[in-house]
Structure formats: C-alpha cells, structure tokens
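The values are calculated or read from the model by the stated rules, or taken from the named source; none is laboratory data. If you're wondering where the values come from, they're calculated on a predicted model, not measured in any experiment. Here the Cβ positions follow ideal geometry from the backbone for every residue, glycine too, while neighbour counts run over all protein chains shown.
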C-alpha cells in the first residue's frame, strides 16, 4: 500500500453559486490520525463527502488509498469506514443487528462477523447490551456503536465527521479514548474533522486547517504552535494590580497581558527571557510563586489563522 | 449484486413494522384486506360473484396499493428522515442494490399479503356456500388477480421511490403517493356514476380476457415507465444533495 492514504489535488466543489471547496490540495500519510480543523461551513463535511465519492468535484481530483474518488468510488467505499455528521445507527435495530448489517454489506463470513461483533462491543463496553434497541441508548453510546461500525470490516482508513459533536464531556472523552485505542490496535489511518481544538491537540498526529474551502496550514500540532503561535509567559502569584499590568503592557517585548485569579498570561513578540518581567513584578511589590514559559494552544493558533485570513 | 440485494432485504425485513408510527400505519392498512376479503364475499348471494367476476380484483388493486404506499415511503424517505441514508450511501453497496433491495421487500410483502387476502376471500366463499365441493377462482380471474396485484405493487413501488426521493418526510411522501393512486379510482367512480350504462354496454361487447389483456398492458406500460424513471433517478450524487 502507498504511504499516502489520501491525496487531494486542487479540488474545488461548487453548489450553485457557492464555492464550498476552493482549490484544496492535501496529502495525508498512512497510519496517522489526521485532524481537519475549520469553523462551521469551512468545507470539512464537503471534503469527506467528496473523498467517499458521494459528491463529485467541480474541478480537480482526489485519490483515497490509491483509488480515484470519481471513477473508483465503490473501491474507495469498500476500503473505508465512515462516521458522518449523523451517527447513522438504525435505532429500531439492536446494536448486534446494526453491526451485523454492515458485516453483511462488507461480505464478511458469519463466523468473522460474530467474532468481530463480540470483539468490538466488548472493547467499547457494550457487549452486555448488544440485544437492546439502539433507540434505548444514550447519544454517546450510539456514537460509540457508530464508531465500532465504521471499523467493523477492518478498513485501512476511517473518515469521521465531528465524532464528538453534541456529546457531553464524559461521552466525548469516552468516544475519544475508544477512537484512540481502536485506531492504535487496528493500525488504521484516521481522517477526522472537528472544530474542537483540544480534541485535535490530544489525538491528532497531524492537523490541517481549512477556511472558506481553502487549506490555511498543515502540520503537527507542535509545529503549528511554533509557527503560528506566539510565545507566552504565565506567572502565578499575588498583587497584580492595574498599575503593574500597565507597566507590563508598556514594555516593548509584550503584546498583551491578561490577569485572572492570580494568574498572568503575557503574550510576547518573541521568545525572550522572562527574568526582566519577573524583576519588574517583584520590584513593584507583587509576589511571584510560579513562572511558566509556553506557547499558544492550538486554539490560539487557530484563532490567529482565522484572523489572518479575514 | 444478488448478495448485496439480499443484504438490503435482510435489513429491511428487520426494520419493517418496527418503526414507531409506521407500524400503526401498516396495521391499520392491514385491516383493508381483511374487510375486503371477508366482509365483501359475505354480502354476495352467489359464490360466482366473487370467484368469477371483477370483485376480487378490487383486492388485487387496492391491497398492494395501500401496503406499498406505506412501506416504500418509510423505506426511502424514512431513511433520510431518520438520518441513516448518508451512512448507507457511504457503504460499498451499489446504488441499484439499495434500490432493488428496498423495492423488492415492499413489493414482496404487499404481494404476499394480497395473495393471502385472495385466499382468505376464497375460504370465506367456500365456508358460506359450502356444498361439498371446493370452489376456485375462474382461470381468467385467478390470472388477473395474480398479475394485476403484482403490477400494482411494482407500479406503486416505482412511483413511491420517485416521490420519496423528493419528499421531505415519510408522511408527505405517503400522502402524495396515496393521492396520486387514489385519484384515478375516484375519477373512475365519478365517471361510473354518470356513465354507468354506456360503460356496461361497452364492456359487455368485450369478453373478459380481452379486457384483462388491455388492463394488464396499460398497467405494464405505466409500470415500465415509472420504474425506469426511478432507476435513473436513484443515484448517490443526487440523493446526497436533497
């Protein structure tokens, strides 16, 4: 198998007068968890639909696992698992029957289907409830089932559209953990769209940021933070009054200062030694307990990129 | 392709009668064959009024129409309404396997219920007019019942697919479909009221076989057109945008 799971080449897609994707080019290596980040309406779902051959590009082309998404769409779909915007779980059917259906679709043998149902439902902690109708389950449980369904036929690539959207924190964490452990144990490539930055930061090896149908940047979360995120200093202590904050803001290396509950977050123009800032604080009578150097979170990077694009 | 169609049939058979609302609609519709097949034969004075005339063909027309009219929208528009369509389309199933699988289970279900209703009517007539020998439908009526019910089921299924592709939900698809097929029946009744005698005279000049062949040919023509349209319209790229 090629070491590139997804290759998108200058792909655009129009809906009437709206351009949903605008010359998108992207390569996703095999065996990684790739996060496709972007605000609502950026073109994330359209990209997934195009990759699955559910839509045809207006211009450009894409290959998934070496297959053209237009002329070999059935080959693509046979080798991918998908969890789309809606879980797609048949609520009037049991969990077992939902998985059985997708096993039959993928022409797995009866013994393989039975073994796989047990394996996956056990892994996600739902084996004991396999006979229950999915309608009686929580949304988080249905999402876990949909994740198991996407992986059921052991596809080398799974495409997930906002897999934790709309879930409460506990369910989202559970789905994320299942996703990470299943992806590791199965060794699959995962392409997931999300607008949850912390999610992407936690589970993705590589992220691409899309805005208005165009790729803004791509790289490892750390690389993006280093490239686009500005250095920060975080100081924990007491006595950070307005006078002190004003002095800090007046310094040339400081871009902005935020103070909240005894925690100062100082955004710097470049990575500089924080010692002069600490000296200034101590000299003005503040008490400094902790000093941390850091870079912006992926969320900050994302917001910066969105601002730059405007 | 055959295995894929059977997979869809398996899934549809699991889902049939299980969706809330649809189950009650289908059970309500199931009352129609019982009323037609049991109550109507009981009102006749002669057994041949049921076994040798067009009355049993009412069952062959109405029952498949009503059953397919409920199951097809639920199967197609319902898949979209319940947000399961896109995931199904993202699977490796070919478009035609999805279409034929859903179409077949609805047609088969309706046709079997219709045949069971016709059998029920025959049993009713045999019980009411029992004279030591078993009564059967005349060959023309039997062939007519079998073919008309099958053609009605497939025609309504094709039309149901077309309507469901554009309908926003199951209810609107069902209503539109029923309206389309009940309208000709209502028009026929209106025409019959005002032109009963000329109609009878015209029909009396034809023998039963001739009339049956004409009806079957017309139905077959409509059937082929409607299903060819459904086949050409049922495409992933179009479905995903609706």
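A compact table of results
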{"read-out": "From the options B:97, B:110, residue that is in a helix (DSSP H, G or I) and surrounded by 24 or more Cβ atoms within 10 Å (Cβ to Cβ)", "value": "B:110"}
{"read-out": "Unique match (being under 26 Å from the mean Cα position of the chain (by Cα), surrounded by fewer than 21 Cβ atoms within 10 Å (Cβ to Cβ) and either farther than 27 Å from residue A:31 by Cα or assigned by TED's automatic domain parsing to the domain that holds residue A:61 (or both)) among A:78, A:135", "value": "A:78"}
{"read-out": "Any helices (runs of 4 or more DSSP H) falling wholly within region A:142-233 and containing at least 1 residues that are more than 22 Å from residue A:267 (Cβ to Cβ)", "value": "A:169-186, A:197-203"}
{"read-out": "Which numbered condition residue A:139 misses (of (1) closer than 26 Å to residue B:1 by Cα; (2) within 14 Å of chain B (Cβ to nearest Cβ))", "value": "(1)"}
{"read-out": "Residue selected from region A:45-72 under the condition crowded, with 20+ Cβ neighbours inside 10 Å, facing chain B (nearest Cβ under 8 Å) and free of Cβ contacts under 8 Å to residues at least 60 places away in the same chain, by the criterion nearest to residue A:214 (Cα to Cα)", "value": "A:49"}
{"read-out": "First in region B:74-90 and more than 8 Å from every other protein chain (Cβ to nearest Cβ), second anywhere and surrounded by fewer than 22 Cβ atoms within 10 Å (Cβ to Cβ) and part of a loop (DSSP other than H, G, I, E, B), Cβ under 7 Å, 6 or more apart", "value": "B:74/B:19; B:77/B:169; B:78/B:19; B:81/B:169"}
{"read-out": "Selection status of residue A:25, more than 14 Å from every other protein chain (Cβ to nearest Cβ), modelled with pLDDT of 90 or more and exposed (fewer than 15 other Cβ atoms within 10 Å of the Cβ)", "value": "yes"}
{"read-out": "Checklist (1) farther than 29 Å from residue A:100 by Cβ; (2) at pLDDT 80 or above applied to residue A:228, failing item", "value": "(2)"}
{"read-out": "The one condition in (1) modelled with pLDDT of 85 or more; (2) assigned to a loop (DSSP other than H, G, I, E, B) that residue A:266 fails to fulfil", "value": "(2)"}
{"read-out": "When residues of region B:1-12 are limited to those that are more than 11 Å from every other protein chain (Cβ to nearest Cβ) and surrounded by fewer than 19 Cβ atoms within 10 Å (Cβ to Cβ), the one modelled with the lowest pLDDT", "value": "B:1"}
{"read-out": "Selection within region A:269-305 - more than 16 Å from residue A:232 (Cα to Cα) and at pLDDT below 70", "value": "A:305"}
{"read-out": "Where residue B:116 falls short, out of the listed (1) in a helix (DSSP H, G or I); (2) within 14 Å of another protein chain (Cβ to nearest Cβ)", "value": "(2)"}
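Yes/no per residue for (1) within 14 Å of another protein chain (Cβ to nearest Cβ); (2) farther than 30 Å from residue A:28 by Cα; (3) under 18 Å from the mean Cα position of the chain (by Cα):
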residue: A:74; (1), (2), (3): yes, no, no
residue: A:96; (1), (2), (3): yes, yes, no
residue: A:114; (1), (2), (3): no, yes, no
residue: A:166; (1), (2), (3): yes, no, yes
